[in-house]
Amino acid sequence: MASSLLEQLSADLEVLSEHLRAGLDEFGTLCCYLEGGRGGRTYLLHAPYEEALTVLQALNGLSFRGRILLALDPSPLSPTLEGLSLSGPTRAPLAHLLEKTRPDRLLLAFPGEGLGQSFPGAKETPRGWQPLEAEEEPLVLRVEAPTGLIYQEVRAYGPWESPPLPLGLPISPGPYWGSAGLALGIPTYGVGLVNLRASLEALLSLW
């Protein structure tokens with residue numbers, strides 16, 4: 001599974017490298033840089049690898065200042081040594097990328113619409129997602145990245161909240177992995193994959 005996923009990532013990297021500065025990191029995250037107008041800041045746009053086409057279409061021809069680092073995360077497709085399928089992205093690859101790149105803003109593409117600016121905290125257990133205060137222990141999984149790297153992921157994610165923004169976007173529950181950005185003091189917002197381009201235009205025009 002991991003080797004076939006790496007083959008897919010490598011093929012996409014070859015295509016993207018014809019147009020953009022791109023690369024794969026230790027966790028198999030496919031990263032590429034999009035340059036906007038002069039000035040502005042660096043935005044890390046993190047999205048599941050399986051949503052790559054949707055995200056690239058939303059970014060095509062988008063007007064913005066600064067730089068977007070697009071990170072396509074394959075962790076939801078990665079196998080675990082426990083034989084359990086992941087229900088969504090893991091925190092470790094994103095935390096590693098944030099430590100390495102230190103962007104000015106973090107935008108997390110997630111299923112939904114509009115802006116995600118908070119998450120109450122939750123954990124994934126053998127019986128599914130539950131509040132953090134539930135008695136059952138969270139799953140502890142050993143994940144095999146496409147590169148062969150094996151890392152541990154504790155499926156418990158703390159609450160996070162970012163200040164509201166003066167935008168007319170729908171407000172949705174934010175993605176659970178957003179605390180990775182705020183832990184480093186990086187302003188963090190979820191951006192829904194539904195009508196993604198319109199949401200990105202609104203956000204980037206504000207900044």
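The values are calculated or read from the model by the stated rules, or taken from the named source; none is laboratory data. Keep in mind that what you see is a predicted model, and the values were worked out from it rather than measured. Virtual Cβ from ideal backbone geometry, glycine too; neighbours counted across all protein chains shown. Remember, those area values only see protein heavy atoms, side chains included, never the ligands or the DNA or RNA. Shrake-Rupley method; radii C 1.70, N 1.55, O 1.52, S 1.80 Å.
For the chain, build the charge dipole from Cβ charges (+1 Lys, Arg; -1 Asp, Glu) around the Cα centre, then report which of Ser162, Pro74, Gly128 sits farthest towards its positive end.
Ser162
Using the Cα atoms as the points, what is the convex hull volume per residue of segment 10-77 in Å³? Please list the in-between numbers first.
Values: hull volume 5.7 nm³, N = 68.
Normalising the Cα hull of segment 10-77 by residue number yields 84 Å³.
Work out how much length Asn195 to Ser17 would gain on full extension: take 0.36 nm times their residue separation and subtract the Cα-Cα distance, in nm to one decimal. All intermediate terms of the calculation are to be shown ahead of the outcome.
Details: separation 178, 0.36 × 178 = 64.08 nm, distance 2.67 nm.
So the chain would gain 61.4 nm between Asn195 and Ser17.
Just need the relative contact order of the chain here, percent rounded to a whole number, with Cα pairs under 8 Å and 6+ apart.
On the way: 433 pairs, mean separation 49.1, N = 207.
In percent, rounded to a whole number, it is 24.
How large is the accessible surface per residue of the chain, computed with a 1.4 Å probe and reported in Å² as a whole number?
Working: 9640 Å² over 207 residues.
Value returned for the chain: 47 Å² of accessible area per residue.
I'd like the distance separating the alpha-carbon centroids of segment 77-131 and segment 1-63, in whole Å.
18 Å
For Glu161, Glu135, Glu113, give the ranking by accessible area with the largest first, probe 1.4 Å.
Largest to smallest exposure gives the sequence Glu135, Glu161, Glu113.
How large is the dipole of the chain about the Cα centre if only Lys and Arg carry +1 and Asp and Glu carry -1, each at its Cβ, rounded to the nearest 20 debye?
Details: 14 positive and 23 negative charges, 159 e Å.
Here the chain has a charge dipole of around 760 debye.
How much mean residue ellipticity at 222 nm does the chain get from its helices, if each DSSP H run of length 4 or more adds -39500 (n - 2.57) and you divide by all residues, to the nearest 500 deg cm²/dmol? Kindly include the intermediate steps, with their values, before the conclusion.
Working: 5 runs with 49 residues, N = 207.
One gets -7000 deg cm²/dmol as the mean residue ellipticity at 222 nm.
Kindly state, as a whole number, the per residue volume in cubic angstrom of the convex hull around the alpha carbon atoms of segment 2-156.
Details: hull volume 18.9 nm³, N = 155.
Looking at segment 2-156, the number lands at 122 Å³ per residue.
Out of segment 36-127, which trypsin sites (Lys or Arg not before Pro) are coil in DSSP terms and have no more than 12 other C-beta atoms within 10 Å? Each step should come with its number before you reach the end.
Numbers: sites: Arg38, Arg41, Arg65, Arg67, Arg91, Lys100, Arg105, Lys123, Arg127; in loops: Arg91, Arg127.
Taking segment 36-127 and a limit of 12 other Cβ atoms within 10 Å, the loop trypsin sites (Lys or Arg not before Pro) found are Arg127.
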